[in-house]
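Coordinate-derived values only; no laboratory data. Nothing here was measured: the structure is a model prediction, and the numbers come from that model. Quick reminder, even Gly has a Cβ in these numbers, built from the backbone with ideal geometry, and neighbours come from all protein chains shown.
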Amino acid sequence: MSKQQWLIISAFAITYFVWGSTYLANKWAIDTLPPFGMCGVRFLIAGSLLYGLSFLAGDKTRPTRKQWVNSGYMGFMFLTLGVGIVVWAQQWMDSSITALLVAFQPLLVMFIMWGLFKSRPPGKAFLGAAISIVGMGLLIGQPQLVSGRNEIIALVAVLFSVSIWALAMTLNPRLDTGKNNFRSTAMQMLVGGALAMLLSLCLGEWVGWTAEGLSWKSIGSLSYLIIFGAIVAFSAFNFLMKNVAPEKAATGTYVNPVVAMVLGAFLNQEAVTLQSVVAGAVLITGVYFINSSRSQAIPANREEQGEAAGAV
């Protein structure tokens, strides 16, 4: 295999397993840290480190204003809203259930690609869509997910953030964020992290918070999220966005829920119901049909990408 093929395989492996573990790491991190504030700290630190490293890699070209705007737009969608809202919702939701809800993402990507970019899915994808909807119905039909006001709000919040993430996935390959993958990732983190911190301050998350209450579990989880969840995994995800179709980049939803469910059960004593297992199996089966169907090729160059999206 070529070097490019090995890089793509490695990027898939990282997004599959590392991101599967971040659901539990997020839940542990917000034990003693405010949700949006934690995301802000995480992405600002990771973004600053990655931005500096991007210039050591050999490319000294400064990003253009257009690349900063496009990266900021993606950072806001992917990180401030996509990740931030999911982490906020995990205050009332188990990590395994959160991961299963996020597994609904490929179906949304498919419909967005069809509705916005006229990329009509093949028949096999529609079968996958039907199966996925059944699985989602089984999952959210569990009493514990709608047992109270906070749980219902968390459920709606996660589904909203997944929709934003899916939309961002379809737009990302069509925006000029620069040829340096590490730098464009860092730029997204810097803007997304800054906006998450601003939102945290506006929500008053830090009011009454003291460093004395910060636990070592939260510190360790935050460190893991910065190094592996942010720098390593998000860089791998952005690499996939530039080199494979959005539907294929979303295949981490096969493995992420399984990793999250196993870790949640063994390390956080989260209850795994039979209905959750069945719902997850049905949902992931549907995702398989969606992603194994023939997908449209992504635009071959930046000029085509700009025309396709009408991007800035």
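Every pair of different Cα atoms in the stretch 32-150 enters the Kirkwood calculation, which places the hydrodynamic radius at 17.7 Å. With Cα atoms as the point set, the chain shows a radius of gyration and Dmax of 18.8, 57 Å.
So if R0 is 22 Å, what FRET efficiency would Ile9 and Val262 give, r being the distance between their Cβ atoms, rounded to the nearest 0.05?
Values: r = 22 Å, r/R0 = 1.02.
That gives a FRET efficiency of 0.45.
For the stretch 3-309, averaging the sequence separation of C-alpha pairs within contact (under 8 Å, six or more residues apart) and dividing by the residue count gives a relative contact order of 42 percent. The Kirkwood hydrodynamic radius of the stretch 175-280, based on inverse pair distances between different Cα atoms, is 17.1 Å. Within the stretch 81-165, the ratio Rg/Rh, alpha carbon atoms throughout and Rh by Kirkwood, equals 1.02. Membrane-span-like helices in the chain, defined purely by DSSP H runs whose alpha carbon atoms cover 20 Å or more axially and whose average Kyte-Doolittle hydropathy reaches 1.6, are 123-140, 149-171.
Order 105-114, 125-134, 81-90 from most to least packed using the mean count of other Cβ atoms within 10 Å.
Output ranking for 105-114, 125-134, 81-90: 81-90, 105-114, 125-134.
Under a GNM of the chain (C-alpha, springs under 10 Å), which listed residue has the highest mean-square fluctuation: Glu151, Glu270, Glu212? Judging by the Gaussian network model, the answer is Glu212.
Estimated translational diffusion coefficient (Stokes-Einstein, Kirkwood radius over Cα pairs, 10 °C, 1.306 mPa s) of the stretch 166-209: 128 µm² per second. Rounded to the nearest 500, the 222 nm mean residue ellipticity of the chain from helices alone is -22500 deg cm²/dmol, with -39,500 (n - 2.57) taken per DSSP H run of at least 4 residues.
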